[in-house]
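These notes concern the structure reproduced below.
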Amino acid sequence: MEIKEVKESIPNEEVIGDLSELFKVLGDPTRTRILFVLEKGDFCVSDISNAVNMTKYAVSHQLRTLKQAKLVKCKRDGKEMIYSLDDDHVSTLFECALAHVLEDK
């Protein structure tokens, strides 16, 4: 492939910025732990807090960031909000990243 073709294939600045922001969100160890929990199933804030050994307030704050990045979604179940991964792309992204990290271990 010629360098001109490579240059033309680079996404525009808006897409590059969005991708960079996504990786910033994923770059936080607390959010990564929360995503690991949600990779296993749908849970309420209390359960997630228990799994990652953090306060509900701290977990709620991180879930808000993950929701804004469209990595998680929530639905009401009675008085509780149940969180899950937003879609299969998030699961695939998480699985690929984990496989990459574990590759040489």
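Here is how the numbers come out for the structure above:
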item	result
Principal axis dimensions, the chain - Cα atoms, whole angstrom, descending	57, 34, 21
The range 63-84 and the range 6-46: distance between their alpha carbon centers, rounded to Å	15 Å
Net charge of neighbours whose Cβ lies under 14 Å from the Cβ of A69, counting Lys and Arg as +1 and Asp and Glu as -1	+1
Label-point separation, K24 to D42 (7 Å along Cα→Cβ), nm	3.1 nm
Summed side-chain charge close to L93 - residues other than L93 whose Cβ falls under 12 Å, Lys, Arg +1, Asp, Glu -1	-4
Choice from R76, R31, R64 showing the highest fluctuation, given a GNM over the chain with Cα pairs closer than 10 Å	R76
Theoretical ellipticity at 222 nm over the chain - DSSP helices of four or more residues, -39500 (n - 2.57) apiece, nearest 500	-20000 deg cm²/dmol
Members of K75/K105; K24/K56; K73/K105; K7/K73 lying beyond 26 Å, as alpha-carbon distances in this model show	K75/K105; K73/K105; K7/K73
Mean separation of Cα contacts under 8 Å, 6 or more apart, over the residue count of the range 3-102: relative contact order %	24 percent
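Only the coordinates and a few stated rules stand behind these numbers; no lab work does. Here the structure is a predicted model, which means the values were calculated and not measured. Cβ: placed from backbone, ideal geometry, glycine included. Neighbour counts: every protein chain shown.
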